[in-house]
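**Q** Sharing a structure with you now.
The values are calculated or read from the model by the stated rules, or taken from the named source; none is laboratory data. Small disclaimer: the values here were computed from a predicted structure and weren't measured. Here the Cβ is made from the backbone with ideal geometry for all residues, glycine too, and neighbour counts use every protein chain on show. Accessible surface areas use protein heavy atoms only, side chains included; no ligands, DNA or RNA. Shrake-Rupley method; radii C 1.70, N 1.55, O 1.52, S 1.80 Å.
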Amino acid sequence: MRVMMRLRLGGGGFRAQGAAGAAAKQSDLGKQPFMEQLDQGPAEPAASSAPAMLDPRHSERLLKKVSMLMHEAVHMRNSSLPNATLRQLREDYLKLNMDYRQRALILLGTQFGVDRERVKGLIQHYMSLNPVDSTAESSGEKLSDSGSEAAHFRTERDLRAALVPLSSRLFEQMNGQVGGLKFLVDLRADLKTTLHTKNLPSLRALDSDLQGLFATWLSPACLELHRLTWNDPACLLEKIVTYEAVHPITNLYDLKRRLGIGRRCFGYFHPAMPGEPLVFIEVALTKGIESSVQKVLFGEPPCDETEATTALFYGITSTQTFATLSPIPGFMHWLLAKLATQCKLIEESKDQSEIHKLREDLLRPDEEIKLEACRDGKNSKGAVGFLYDILSSDRHEWASSEKLVEALRPPLLRLCARYILQEKKRGAALDPVTNFHVRNGASVEQLNWMGDTSRKGLDASAGLMVNYRYRLEDIEANNQAYLNRRVIAASPAVLGLLQQPGSDSLQGKL
């Protein structure tokens, strides 16, 4: 099974998709029958999410027109009525190539922000007001309707309004129009692309504002869940192929398998974006928790649907198991950074006592002995250096060596358990997938050695995958333990990976 949540809006787990790129791809798909296209494999992503380069003079005129339309839009008085200005703004913006879109976004971020002079003046006015006695209110006594108190409330209201950037007003206006929300989703995709090359404070602020608005507009209460089947329109099936980037759909039979017996695919839709799924969830029905994503993706249905006891990631009834087979996207990044630091320490420090004091014991003595036995005679970096060299190689030769696979299994399973359960950032789990599931009340059920042997899986997590399990009776307690005390629930099997040889068994949570 796999859980694939293509939250395409960026931020907080959302992933942005460019409208023009998707539209261009769908246009190409329309040139030949859908079934023939899938037999050929998924189309390559568009090289650019914007139209081809226009004449520079025309692009400059179009950019000026877009800027003028932005000014007109933010000063509109009635946002509830369809407006030709907003429609024209959308059309003209989409005509710009990516370079000019980036310039338009910079204009939006710098010229449509907060009026700082007004904010400064309001702050000075607020500080000059006579203080209001708050003791009467806190003690329950009736306050007099004084002019000073009214002035405080009025100035606070004006400050709140002044701190809302003009760009947010534009976004609110656009969201009220037919097709406006979809346009803003795609605009944020362009914004995310721009931030990769122009990481400006004004653009970061613009992105943060949009993220906050999306969190309100696209709250779970607004979304509708629908099952996707082989009988759905081809244009919707095309989107499944287009947006599935974690485990790409390779051909017609692959898509049919994911929608067929023993499998489920669900989509979340927003009423303002009909036919445009925001989330895909792919599910496999099994008799137990699977440990290999390849078996889930390419194997035959493991059992009759009526005999299934586990839905990865969806329950058939409330008496069955809710579980995931999830990636561990940050594990190798974290581990290679740790190993590199230790290698540098060993190379630069001549004082053995200093090395011993600063060294972090990433490997246990028995693990070092096994790795030393696998070392090439030419490698003189020790077990830690050897581990760094074989894991950092993009060819992953170790995955083809039975001896190395066996030697690496104990330390990588243990270090991965440490990464998931113990490594934190500002109190939250460092791994974003872990943080998502444990916030929702899951426990860490099982680590799966060589669960994803694809190149992507080896790059991200040395092939490791993890099962998160949702027990209905424990969800609330797990959620509160994590939010209030940053405690992560885990099974005895996972906790046992962290146990020192000969020590007492660990408690059920970390």
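**Q** Go through region 213-229 and count every residue that is out of contact with any helix residue (DSSP H, G or I) (no Cβ under 6 Å at 6 or more places or on another chain) and either closer than 17 Å to Leu105 by Cβ or polar (S, T, N, Q) (or both).
**A** The qualifying residues number 4.
**Q** Mind checking which helices (runs of 4 or more DSSP H) fall wholly inside region 358-473 and carry at least 2 residues that are closer than 23 Å to Ile488 by Cβ and open to solvent by less than 70 Å² (accessible area, probe 1.4 Å)?
**A** By residue number, 402-421, 432-439, 455-461.
**Q** Please state which one of Leu213, Leu203 is open to solvent by less than 20 Å² (accessible area, probe 1.4 Å), farther than 30 Å from Ser292 by Cα and part of a helix (DSSP H, G or I).
**A** Of Leu213, Leu203, the one residue that is open to solvent by less than 20 Å² (accessible area, probe 1.4 Å), farther than 30 Å from Ser292 by Cα and part of a helix (DSSP H, G or I) is Leu203.
**Q** What's the number of the only condition in (1) open to solvent by 10 Å² or more (accessible area, probe 1.4 Å); (2) in contact (Cβ under 8 Å) with a residue 40 or more places away in the chain; (3) among the charged types (D, E, K, R) that Asp190 fails to meet?
**A** Asp190 satisfies every listed condition except (1).
**Q** Can you tell me which residue within region 304-314, out of those that are in a loop (DSSP other than H, G, I, E, B) and open to solvent by 50 Å² or more (accessible area, probe 1.4 Å), is modelled with the lowest pLDDT? Full working, then the answer.
**A** Initial filter on region 304-314 (in a loop (DSSP other than H, G, I, E, B)): 304, 308-309, 313-314.
Retained after the next criterion (residues that are open to solvent by 50 Å² or more (accessible area, probe 1.4 Å)): 304, 309, 314.
Values: Asp304: 75, Thr309: 83, Tyr314: 36.
Checking each candidate, the answer is Tyr314.
**Q** Next question, about the same structure. For Ser168, all conditions in the list (1) surrounded by 16 or more Cβ atoms within 10 Å (Cβ to Cβ); (2) at pLDDT below 90; (3) under 30 Å from Val66 (Cβ atoms); (4) not aliphatic (A, V, I, L, M) hold save one; what is the number of the exception?
**A** (2)
**Q** Also, I was wondering about something else. In this structure, does Ser400 turn out to be modelled with pLDDT under 90 and of a type in the set (Gly, Ala, Ser)?
**A** no
**Q** Just to check your reading of the model, which residue among Glu282, Glu276, Glu290 is within 20 Å of Val185 (Cβ to Cβ) and acidic (Asp, Glu)?
**A** Glu276
**Q** Does Ser291 count as assigned to a loop (DSSP other than H, G, I, E, B) and in contact with a strand residue (DSSP E or B) (Cβ under 9 Å, 6 or more places away or on another chain)?
**A** yes
Here's the yes/no breakdown for (1) modelled with pLDDT under 80; (2) within 18 Å of Phe436 (Cβ to Cβ); (3) among the hydroxyl-bearing types (Ser, Thr, Tyr):
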residue: Phe266; (1), (2), (3): no, yes, no
residue: Pro271; (1), (2), (3): no, no, no
residue: Lys287; (1), (2), (3): no, no, no
residue: Pro302; (1), (2), (3): yes, no, no
residue: Ile316; (1), (2), (3): yes, no, no
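**Q** Given (1) part of a helix (DSSP H, G or I); (2) within 26 Å of Asp92 (Cβ to Cβ); (3) open to solvent by 30 Å² or more (accessible area, probe 1.4 Å); (4) modelled with pLDDT under 90, where does Glu149 come up short, assuming only one miss?
**A** (2)
**Q** Then there's this: Please indicate, with yes or no, whether at least one residue in region 463-478 is out of contact with any Pro (no Cβ under 7 Å at 6 or more places or on another chain) and at positive phi.
**A** Within region 463-478 (the criterion being out of contact with any Pro (no Cβ under 7 Å at 6 or more places or on another chain) and at positive phi), the answer is yes, since at least one residue qualifies.
**Q** Out of curiosity, is Gln124 open to solvent by 70 Å² or more (accessible area, probe 1.4 Å) and modelled with pLDDT of 90 or more? Give the steps one after another, and end with the answer.
**A** On the way: open to solvent by 70 Å² or more (accessible area, probe 1.4 Å): yes; modelled with pLDDT of 90 or more: yes.
Yes; evaluated as a whole, the condition is true for this residue.
**Q** Counting just the residues of region 225-259 that are modelled with pLDDT of 85 or more, in a loop (DSSP other than H, G, I, E, B) and open to solvent by 10 Å² or more (accessible area, probe 1.4 Å), which one comes out farthest from Thr306 (Cα to Cα)?
**A** Pro233
**Q** Restricting the search to region 262-297, which residues are without any contact (Cβ under 8 Å) to a residue 60 or more places away in the chain and under 15 Å from Leu228 (Cβ atoms)?
**A** Result: Arg263, Arg264, Cys265, Phe266, Gly267, Tyr268, Phe269, Pro274, Gly275.
**Q** Oh, and also: Please count how many residues of region 260-289 are in contact with a Leu (Cβ under 8 Å, 6 or more places away or on another chain), open to solvent by 30 Å² or more (accessible area, probe 1.4 Å) and not aromatic (Phe, Trp, Tyr).
**A** Going through region 260-289 one residue at a time, the tally reaches 4.
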